[in-house]
1. Residues of region 110-124 being closer than 16 Å to Ala64 by Cα and either within 14 Å of the chain's Cα centre (by Cα) or among the acidic types (Asp, Glu) (or both), which ones?
2. Checking the condition at pLDDT 95 or above and either assigned to a helix (DSSP H, G or I) or closer than 20 Å to Pro52 by Cα (or both), which residue from Val109, Val185, Val143 passes?
3. Looking at the structure I just gave you, is Asp86 acidic (Asp, Glu) and in a helix (DSSP H, G or I)?
4. Where the second residue is of a type outside the set (Ser, Thr, Tyr) and open to solvent by 30 Å² or more (accessible area, probe 1.4 Å) and the first is closer than 16 Å to Leu99 by Cβ and lies in region 156-169, which pairs have Cβ atoms under 6 Å and are six or more apart or on separate chains?
5. Looking for whichever is touching a Gly at 6+ places or on another chain (Cβ under 9 Å) and either farther than 27 Å from Ala153 by Cα or assigned to a helix (DSSP H, G or I) (or both) here; the options are Gly34, Gly5. Which one fits?
6. State all residues of region 53-75 that are farther than 20 Å from Glu31 by Cα and touching a helix residue (DSSP H, G or I) at 6+ places or on another chain (Cβ under 6 Å); if no residue qualifies, say none.
7. Based on this model, can you work out whether Arg78 counts as closer than 30 Å to Asp16 by Cβ, touching a helix residue (DSSP H, G or I) at 6+ places or on another chain (Cβ under 8 Å), open to solvent by 40 Å² or more (accessible area, probe 1.4 Å) and part of a helix (DSSP H, G or I)?
8. I need the full set of residues from region 12-54 which are of a type in the set (Ser, Thr, Tyr) and either touching a strand residue (DSSP E or B) at 6+ places or on another chain (Cβ under 7 Å) or over 16 Å from Ala77 (Cβ atoms) (or both), in order please.
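The values are calculated or read from the model by the stated rules, or taken from the named source; none is laboratory data. Not measured: the values here are computed from a predicted model. Please note: Cβ atoms are built from the backbone with ideal geometry, for glycine as well, and neighbour counts cover all protein chains shown. Only protein heavy atoms, including side chains, enter the accessible area calculation; ligands, DNA and RNA are left aside. Shrake-Rupley method; radii C 1.70, N 1.55, O 1.52, S 1.80 Å.
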Amino acid sequence: LISLGEALNELVNTTDLDRRKELTKKIEDLEHVGDDITHLIFLEMGKNFITPFDREDMHALASALDDIADYIHGSAARMDLYKITDITPPIKKVAELILQGCIDVNKAVEELRNLKNIRLITDSCVRINSMENQADYVFDRAVADLFEFEDDAKTIIKYKELFAAMETATDKCEDVANVLETILVKNA
């Protein structure tokens, strides 16, 4: 996920349109790799009798991780499809928050290997929740500004769709944090 977050962050911070195309393709490729991993996890859960934690939690975690990748990909695809070339400060801020969420999700998931340092997982979950709240604020403010200052309906729709996809990626990070907290409670 970190690679996806980094690619999205770079995409919104470059003015080189060719580089944006390359990054959009990279994000698409990484999302497909994530899909393959998710399918492999589901196949392995069906084969293995003993799993590190509840199958339902493993399924929920893998699905939530896949959802983050899907919405990052969806955000990049919307920028490309809608030809959004004017990358506004709120777009850059939400991309930065998505990257932060991906980093914290990665830290927390890595700690699931042995469940020895629960504090690192809970700290990551707290940061993810904080990041998602910040993204909600940026999203709400950006949409309000669109309605107040933009007169072109097509532009409003394009940007609102992009903001919604990006903000949903942050929601999906929070979903991962919720699954992680459930796993911690069950394994305390």
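1. Glu110
2. Values: Val109 fails: at pLDDT 95 or above; Val185 fails: at pLDDT 95 or above.
From the options Val109, Val185, Val143, the qualifying one is Val143.
3. Working: acidic (Asp, Glu): yes; in a helix (DSSP H, G or I): no.
Against the criterion (acidic (Asp, Glu) and in a helix (DSSP H, G or I)), Asp86 does not qualify.
4. Close Cβ pairs (under 6 Å, with a partner that is of a type outside the set (Ser, Thr, Tyr) and open to solvent by 30 Å² or more (accessible area, probe 1.4 Å)) amount to Ala165/Arg78; Glu167/Phe139.
5. Gly5 is the lone residue from the list that is touching a Gly at 6+ places or on another chain (Cβ under 9 Å) and either farther than 27 Å from Ala153 by Cα or assigned to a helix (DSSP H, G or I) (or both).
6. Once the filter is applied, which keeps residues that are farther than 20 Å from Glu31 by Cα and touching a helix residue (DSSP H, G or I) at 6+ places or on another chain (Cβ under 6 Å), region 53-75 yields Phe53, Arg55, Asp57.
7. Answer is yes for this residue.
8. Quick first cut of region 12-54, residues of a type in the set (Ser, Thr, Tyr) only: 14-15, 24, 38, 51.
Once the filter is applied, which keeps residues that are of a type in the set (Ser, Thr, Tyr) and either touching a strand residue (DSSP E or B) at 6+ places or on another chain (Cβ under 7 Å) or over 16 Å from Ala77 (Cβ atoms) (or both), region 12-54 yields Thr14, Thr15, Thr38, Thr51.
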